[in-house]
Amino acid sequence: MTPGVQLDHLRALGLLAFIALLCPTLSVAAGPQEKVAKAYLEAAAAGQPEALLEFLHPGEVQDLRNRLLKALDDEQAHGSHAARERLFGNSSMDEIRGLTPNNLFVTVARRLGLPTERVGEIKVLGTVEENSQLSHVVARISPPEDSDQRSRVALVSLIRYGKDWRVQIPYAIQARLDAAMAAPENRTSGAGKGKNTPEIVAFLNDGETTLKNGDCAGFFNEHMSPNFRDMHSAKALQTLIEQCKIDEDTRETYISALELARRMSPAFEQNGARAIYDLRGQGLPFDRFVLEKVDEHWYVAE
């Protein structure tokens with residue numbers, strides 16, 4: 001085992017210990033949850049939403065349908081249909097309501113574009129039982145031997161379903177759906193408000209693709225501003241990169257910010273060298289997203 005892989009293995013085990021530390025009543029245990037989680041991760045690697053339905057908890061799929069229909073009804077009541085068109089094209093609300101929960105999930109997931117992944121081995125590291133109805137399985141996903149990608153750690157939450165277990169809809173899917181549902185209008189005040197330039201759109205697209213490919217080092221080294229990198233030590237930057245690599249939620253937060261920025265109109269400052277996006281109320285842990293232009297190239301500023 002190389003030092004890097006060994007370090008990631010310790011982090012994965014540390015994640016289990018951290019969850020248990022937060023909830024002292026929890027115990028680390030092995031059980032049928034592991035088999036379900038491993039099969040789910042294998043199916044998810046193909047990026048085909050139909051394959052996921054076999055593993056997702058039906059109640060989760062139904063809840064997603066209910067929440068989505070309510071959000072679309074609210075949008076229509078306010079005279080807008082942008083989110084509906086993004087997710088369902090020209091379909092009417094009546095047609096959308098006619099979809100079964102499973103068909104609606106597949107339609108939305110196809111629009112969101114679930115990521116694909118080449119998998120060599122999936123090794124379950126442990127299971128934490130939060131209570132009798134909810135468990136969390138931590139697994140390491142290793143790429144094929146001919147791949148230059150690093151392995152990563154995945155967390156699968158499972159909900160009791162009769163005598164069996166089914167998967168809770170992952171945060172990554174929820175985050176992409178929330179980003180797709182977010183209103184495209186810009187609320188940033190100040191002079192210089194305008195549309196994204198083709199250069200900005202290309203930059204945002206490239207950054208999103210980089211993260212979806214799991215290339216966290218490429219994102220921080222090539223897409224974060226030189227000014228940002230100068231303000232952080234090499235050790236601090238490496239810590240950010242490692243967190244991005246092992247934490248899917250972190251990557252999805254960055255991806256959601258890029259997706260939102262692509263659909264919004266920024267407020268331009270400093271003679272057009274800074275583009276500021278208001279992300280308040282979008283479900284992200286920060287209120288704004290800023291790009292800056294350095295030597296004629298756009299970067300994420302902060």
Tensor-based shape of the range 41-186 (alpha-carbon gyration tensor, a/c under 1.5 rounded, otherwise prolate or oblate): prolate
Taking amide hydrogens as modeled 1.01 Å from N in the peptide plane, which residues meet the under 5 Å criterion relative to Val294, leaving out close sequence neighbours? Tyr299
Listing Val119, Val300 by rising number of other beta-carbon atoms within 10 angstrom, fewest first, gives Val119, Val300
Classify the range 184-300 as rounded, prolate or oblate from the Cα gyration tensor: take a ≥ b ≥ c as the square roots of its eigenvalues, call it rounded if a/c is under 1.5, otherwise prolate when a/b beats b/c and oblate if not. prolate
If you average the C-alpha positions of the range 71-120 and of the range 207-227 separately, how far apart do those two centres end up, in angstrom? 28
Apply the membrane-span-like helix rule to the chain: whole DSSP H runs, Cα extent along the own long axis of at least 20 Å, mean Kyte-Doolittle hydropathy at least 0.0. List the helices found. 3-22
For Lys235, go through the lysines and keep the ones whose alpha-carbon is under 16 Å away, minus same-chain ones fewer than eight residues off. Lys245
What value, in deg cm²/dmol to 500, does the helix sum -39500 (n - 2.57) over DSSP H runs of n ≥ 4 give at 222 nm once divided by the residues of the chain? -15000 deg cm²/dmol
Using a cut-off of 22 Å between alpha-carbon atoms, which lysines can reach Lys293, once sequence neighbours fewer than 8 places away in the same chain are excluded? Lys193, Lys195
Using the Cα centre of the range 177-302 as the reference point, and only Cβ charges (+1 on K/R, -1 on D/E), how large is the resulting charge dipole? Debye, rounded to the nearest 20. 320
Where a ≥ b ≥ c are root eigenvalues of the Cα gyration tensor, a/c under 1.5 meaning rounded, otherwise prolate if a/b exceeds b/c and oblate otherwise, the range 110-169 counts as oblate
For Glu130, enumerate residues with amide H under 5 Å from its amide H, sequence gap 5+ or separate chain, H modeled in the peptide plane. Ser135, His136
GNM on the chain, C-alpha springs below 10 Å: top fluctuator among Leu69, Leu41, Leu177? Leu69
About its Cα centre, what dipole magnitude does the chain give when the only charges are +1 on Lys and Arg Cβ and -1 on Asp and Glu Cβ, stated in debye to the nearest 20? 420
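Each reported figure results from applying straightforward, stated rules to the coordinates on display, with no laboratory input. Note that the structure is a prediction, hence the values are computed from the model and not measured. When we count neighbours, we look across all protein chains shown, and the Cβ atoms used for this are built from the backbone with ideal geometry, even at glycine.
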